[in-house]
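A.B. asks: I have a structure here, written as structure tokens, and I will follow up with some questions on it.
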Amino acid sequence: MTRPLPDLPVPVTGGMGARAGGALFVGLGSAGNAVFRLDLTDPQSGWRGVAPFPGPAPSQPTTAVSNGSIYVFSGAGRDGPTALAPTVLDAVYRYDPAAGRWERVVTVTPTGLLGASATTRPDGAIVIFGGYNKAVFDRFMAEISAIDRVAEPERWLATQRAFMARPAEAFRWNGRVLAYQPRDNGWSDLGASPYAPNTGAALIELGGGRIALVSGEMKPGLRDSQVKVVDLSGGKLDWLAPMPSPEGRNGQPWEGVAGAFSGRIGNTPVFAGGTAFPGARTAFSAGQMFAHEGLTKVWQRDVFAFRDAAWHRVGQLPDGLAYGASFSLPEGLLLVGGEDENGTARAETRLMTLDRAGKLCIG
């Protein structure tokens with residue numbers, strides 16, 4: 001890869017990213033039903049549209065590849081043209097890159113998997129962590145969508161505040177680790193996570209069947225500062241000692257991030273960007289359940305690399321960025337799309353590399 005990879009034809013944030021059949025696939029989210037393919041053997045030919053996604057366009061679905069096919073689970077969207085409010089979707093779709101065709105799988109997710117993280121075991125089973133509760137999310141969206149924010153601003157704000165001020169347990173996010181086996185179209189429950197449920201965690205394949213789940217959020221607006229490690233080798237589920245959390249700035253604890261880019265550059269685990277509400281963890285520790293009330297959402301620029309048993313800031317992105325797609329390639333970690341600090345979806349591709357001295361380069 002001697003030249004920069006082409007940008008997406010349209011901006012994409014909050015969508016899907018997958019690598020299958022020697023190609024990258026990015027789409028959905030802000031791109032609606034559109035999905036684009038980049039042939040890694042001929043990247044300068046650019047991103048080409050594939051068959052459009054056949055279901056309601058999902059935002060923040062869970063995506064994984066098994067046996068060469070791409071699986072898209074859940075997400076949030078309007079389930080039909082007459083739907084008055086978004087809901088957590090429970091459908092599963094499969095894309096066959098060889099045939100260029102989508103199909104709806106005859107199953108539904110056992111729980112809402114909006115914002116969940118997924119990886120695939122060697123036996124083809126897709127293992128999923130986290131996810132929103134469908135009933136809680138759907139009820140809130142129905143309530144707040146029925147209020148005219150312009151005509152009744154106080155009622156709208158009161159409804160939002162009552163929802164955000166709930167304790168984390170009231171959101172009933174998925175705390176079980178689920179596995180979907182495409183081979184027999186079956187679901188299994190691998191057990192409970194020993195940690196509080198969260199969503200939006202960045203997943204890094206560490207090798208040897210181990211993965212890291214970086215941060216995420218424990219409830220809307222409140223980030224989780226932990227970096228959890230799970231061993232999935234041999235079909236088991238073994239929670240290992242967590243990695244140390246990155247250090248914060250100016251002597252403050254690290255706030256954590258949601259929606260970060262993540263992967264490996266060579267053998268080095270890396271994550272970058274993501275969003276946070278600085279000060280929310282302090283407010284939550286002081287008993288404020290609506291922890292991010294009055295705080296400013298920040299799109300982070302920091303890039304962290306893990307070496308010598310610690311996370312190190314190795315540089316910054318040109319802009320704050322989150323909720324895009326990440327791909328670990330032989331050349332480095334490729335960032336595709338995302339959302340910037342203005343909340344604007346982006347179409348750029350950026351390749352992150354580390355030189356021998358550990359210095360970050362972004363092309």
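Every number here is computed from the coordinates shown, using simple stated rules; none is lab data. In this text, all values refer to a predicted model and were calculated from it rather than measured experimentally. Using ideal geometry, Cβ is built from the backbone for each residue, glycine included, and neighbour counts are taken over all protein chains shown.
A.B. asks: Note down the nm distance, to one decimal, between modelled labels 7 Å out along Cα→Cβ at Arg176 and at Asp355.
C.D. replies: So the label points at Arg176 and Asp355 sit 5.1 nm apart.
A.B. asks: Same structure, new question: Through the Karplus equation 6.51 cos²θ - 1.76 cosθ + 1.60, θ set to phi - 60°, convert the phi angles of the stretch 69-86 into ³J(HN,Hα) values in whole Hz; use x for Gly and Pro.
C.D. replies: So the Karplus estimates, Gly and Pro as x, are 9, 9, 10, 10, 10, 6, x, 10, x, 8, 7, x, x, 9, 5, 8, 8, x Hz.
A.B. asks: Rg to Rh ratio, the stretch 1-60, alpha-carbon atoms and Kirkwood radius?
C.D. replies: Dividing the radius of gyration by the Kirkwood radius yields 0.98.
A.B. asks: Separation between the Ala196 and Ala162 pseudo-spin-labels, each 7 Å from Cα along Cα→Cβ, expressed in nm?
C.D. replies: 2.4 nm
A.B. asks: Identify the residues of the stretch 234-263 with backbone N under 16 Å of a label point that sits 7 angstrom from the Cα of Ser285 along the Cα-to-Cβ direction, or state none.
C.D. replies: The answer is 245-257, whose backbone nitrogens lie closer than 16 Å to the label point.
A.B. asks: With the Cα gyration tensor of the stretch 1-114 in hand, give its eigenvalues times 5 under a square root as the equivalent ellipsoid semi-axes, listed largest first in whole angstrom.
C.D. replies: Listed largest to smallest, the semi-axes of the stretch 1-114 are 25, 16, 11 Å.
A.B. asks: Same structure, new question: Give the lysines whose C-alpha is closer than 18 Å to that of Lys134, dropping any in the same chain fewer than 8 places away, or say none.
C.D. replies: Within the straight-line cut-off, Lys134 pairs with Lys219.
A.B. asks: Going by C-beta contacts inside 10 Å, put Val65, Val227 in order with the fewest on the left.
C.D. replies: On the way: Val65 20, Val227 24.
In increasing order of surrounding Cβ atoms, one gets Val65, Val227.
A.B. asks: Still on this structure: Taking a ≥ b ≥ c as the square roots of the eigenvalues of the Cα gyration tensor of the stretch 273-318, is the shape rounded (a/c under 1.5), prolate (a/b larger than b/c) or oblate? Intermediate results must be reported in sequence, preceding the final value.
C.D. replies: Values: a/c = 5.07, a/b = 1.83, b/c = 2.76.
Because a/c hits 1.5 or more and a/b fails to exceed b/c, the stretch 273-318 counts as oblate.
A.B. asks: Could you put Lys228, Lys236 in order, starting from the residue whose Cβ has the fewest other Cβ atoms within 10 Å?
C.D. replies: Ascending Cβ contact count within 10 Å gives the list Lys236, Lys228.
A.B. asks: Run through every distinct alpha carbon pair of the stretch 101-217 and return the Kirkwood hydrodynamic radius in angstroms, one decimal place.
C.D. replies: That comes to 16.3 Å for the stretch 101-217.
A.B. asks: Sequence-distant or interchain residues sharing an amide H contact under 5 Å with Gly263, placed H: which?
C.D. replies: The list, which skips near neighbours in sequence, is Val270.
A.B. asks: What is the gain in length, in nm to one decimal, between Ala142 and Asp319 on full extension, counting 0.36 nm per residue of separation less the C-alpha to C-alpha distance?
C.D. replies: 60.3 nm
A.B. asks: Using θ = phi - 60° and the Karplus curve 6.51 cos²θ - 1.76 cosθ + 1.60, what whole-Hz ³J(HN,Hα) does each residue of the stretch 287-304 get, with Gly and Pro shown as x?
C.D. replies: Running phi through 6.51 cos²θ - 1.76 cosθ + 1.60 with θ = phi - 60° gives x, 8, 6, 7, 5, 9, 4, x, 8, 9, 6, 10, 8, 6, 10, 4, 10, 10 Hz.
A.B. asks: How high is the FRET efficiency from Lys297 to Lys236, r the C-beta distance, R0 56 Å, rounded to 0.05?
C.D. replies: After rounding to 0.05, the efficiency reads 0.90.
A.B. asks: Report ³J(HN,Hα) in whole Hz for each residue of the stretch 250-266, in order, from the Karplus equation J = 6.51 cos²θ - 1.76 cosθ + 1.60 where θ = phi - 60°; Gly and Pro get x.
C.D. replies: Here the 3J(HN,Hα) series is 6, x, 8, x, 5, 6, x, 9, 10, x, 6, 7, 7, x, 10, 10, x Hz.
A.B. asks: What per residue convex hull volume, in Å³, do the alpha-carbon atoms of the stretch 232-285 yield?
C.D. replies: 148 Å³
A.B. asks: Could you work out the local net charge near Ile126, counting Lys and Arg as +1, Asp and Glu as -1, over the other residues with Cβ closer than 15 Å to its Cβ? Please list the in-between numbers first.
C.D. replies: Numbers: positive: Arg19, Arg94, Arg121, Arg176, Arg183; negative: Asp123, Asp184, Asp189, Glu205.
Charge balance near Ile126 sits at +1.
A.B. asks: What residues qualify as long-range amide H neighbours of Ala23, i.e. H under 5 Å apart, gap of 5 or more or another chain, H built at 1.01 Å from N?
C.D. replies: For Ala23, the qualifying residues are Leu40.
A.B. asks: List the residues whose amide H sits under 5 Å from the amide H of Trp47, counting only those 5 or more places along or on another chain, with H placed 1.01 Å from N in the peptide plane.
C.D. replies: none
A.B. asks: At what distance in angstrom do the alpha carbon centres of the stretch 237-279 and the stretch 168-212 lie from each other?
C.D. replies: Spelled out, the Cα-based centre of one part sits 18 Å from the other.
A.B. asks: Between (i) 19.6, 63; (ii) 19.6, 59; (iii) 20.7, 73, which entry matches Rg and Dmax of the Cα atoms in Å as derived from the coordinates of this structure?
C.D. replies: Answer by label: (ii).
A.B. asks: Now for a separate question. Fewest to most neighbouring Cβ within 10 Å: what's the order for Met16, Met289? Working shown, then result.
C.D. replies: Values: Met16 26, Met289 15.
The order, fewest Cβ neighbours first, is Met289, Met16.
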